[in-house]
Amino acid sequence: MGVVPVTEALRRLSEDPGFWALLRAETGAAEDPEPAELRVSLPVTGGYGLVLDLDLVTGEQTLGLREPATSEPVQLGWAAPGRPWPAALRWHELELCARVIALEDPTLPHPGLVVALLGPFAPVTAEDDGTTVAAVREAAYRSLRRDVPPPAPTGPEQTPLPLFADADWWPRPPAPSPQVLDEAAIAAYTLPAPAHLQVRGGARFPHEGLSELVRRAAGRLSRLPEEQWYAGVRPLARNMADTGDLRPVGTLLGKLTEAGCDHPTVLDALSEPLVPLEACWMVETLAGVAPGTLVRHHV
């Protein structure tokens with residue numbers, strides 16, 4: 001399954017705070033949305049992927065599993081305003097898929113759009129580190145960005161008298177923020193849902209297909225440290241993961257570059273301006289350690 005870039009419709013919607021308010025709303029839906037329906041296809045690996053169908057009129061969301069040689073996804077969970085979210089995914093399954101998606105598609109870095117969209121389908125359980133999960137979810141919402149125009153020039157139309165030439169007389173308007181969601185929205189969306197609907201016990205739930213997706217995704221990540229450019233940096237990455245120290249990330253990036261690494265996802269995750277949780281998962285992957293080994297030091 002090849003790289004499928006973020007569609008123009010999804011890009012435009014993801015830059016609209018109202019879109020996220022609709023997806024997380026308890027009641028109601030948008031009036032005359034454009035488009036009225038949207039399918040988000042997220043290829044993972046080996047012909048397997050996740051599919052999110054959004055009805056922007058009713059607010060309904062359907063998460064599905066795409067398997068090889070199938071025309072339509074098999075439903076994992078269905079959500080609607082005012083109803084409990086279906087616990088369709090385990091948190092580790094979602095994050096594993098999000099990491100592989102980021103490796104295959106540089107336009108979908110992690111934590112980012114994938115976790116922001118699918119996070120409500122993967123509730124925190126007693127087996128999860130709630131603090132780490134909340135930090136990853138927060139980072140995903142915080143990563144949502146939009147292009148903003150430069151502020152309009154300010155100042156007098158003509159040269160002012162010396163007494164009024166000081167910049168204090170001509171204050172610049174505040175620059176618009178490129179961050180899509182404000183702090184209040186990020187905090188609200190990061191909170192765990194009060195209740196979830198258990199759907200994995202149903203006879204129609206695709207246990208075998210989902211297990212195969214998870215197995216293949218884990219295999220994809222585990223093979224990365226053994227590939228051409230990465231074997232030489234594994235000891236450094238392992239030391240960073242064991243100590244929790246991200247300071248050598250510049251050295252790690254330099255070694256990868258010298259080795260000829262040109263993978264945009266790998267290089268972007270380790271480049272300035274550094275996003276700590278993005279760098280953490282990449283170091284964990286290069287080190288071949290369990291997800292969360294380094295992340296928990298930075299939340």
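Since every read-out is calculated from the coordinates, none of them should be taken as a lab result. Keep in mind the model is a prediction, meaning the values are calculated, not measured. Note: ideal-geometry Cβ built from the backbone for every residue, glycine included; neighbour counts use all protein chains shown.
Computed from the C-beta positions of residue 163 and residue 257, the FRET efficiency with R₀ = 51 Å rounds to 0.40. Taking 0.36 nm per residue of separation and subtracting the current Cα-Cα distance, fully stretching the chain between residue 204 and residue 9 would add 67.1 nm. Under a 5 Å amide H cut-off, with hydrogens placed 1.01 Å from N, residue 85 pairs with 195, 197 among residues at least 5 apart or on other chains. Applying 1/(1 + (r/R0)^6) with R0 = 25 Å to the Cβ-Cβ distance of residue 191 and residue 83 gives a FRET efficiency near 0.90. The range 180-238 and the range 114-132 have their alpha-carbon centroids 9 Å apart. Summing +1 for each Lys or Arg and -1 for each Asp or Glu among the other residues whose beta-carbon sits under 11 angstrom from that of residue 96 gives +3. Comparing 82, 201, 112 in a Gaussian network model of the chain (Cα springs below 10 Å), the most mobile by mean-square fluctuation is 201. Highest mean packing comes first when the peptides 132-145, 205-218 are listed by Cβ atoms within 10 Å, giving 132-145, 205-218. The packing ranking, built from the mean of other Cβ atoms within 10 Å per residue, places the peptides 280-290, 54-64, 185-195, 264-274 in the order 280-290, 54-64, 264-274, 185-195, highest first. Peptide packing for 248-257, 223-232 was compared via the average number of neighbouring C-beta atoms within 10 Å per residue; ordered from the highest value, the list is 248-257, 223-232. In the range 49-174 the Cα-Cα distances spread across 5 Å bins starting at 0 as 2, 9, 14, 15, 15, 10, 6, 4, 5, 5, 6, 5, 3, 1, 0, 0 percent of all pairs. For residue 76, the amide hydrogen comes within under 5 Å of the amide hydrogens of 63, 64, 65, counting only partners 5 or more places away or on other chains and with H modelled in the peptide plane. Of the Cα atoms belonging to the chain, the radius of gyration and Dmax stand at 21.8, 81 Å.
Amide H contacts of residue 37: 56, each under 5 Å away and 5 or more positions distant or on a separate chain (H built 1.01 Å from N in the peptide plane; Pro and chain starts excluded).
Look at the dipole of the chain built from charges on Cβ: of 54, 202, 9, the Cα furthest out on the positive end belongs to 202.
Summed over qualifying helices (DSSP H, 4 residues or more, each -39500 (n - 2.57)) and divided by its residue number, the chain shows a 222 nm mean residue ellipticity of -11000 deg cm²/dmol.
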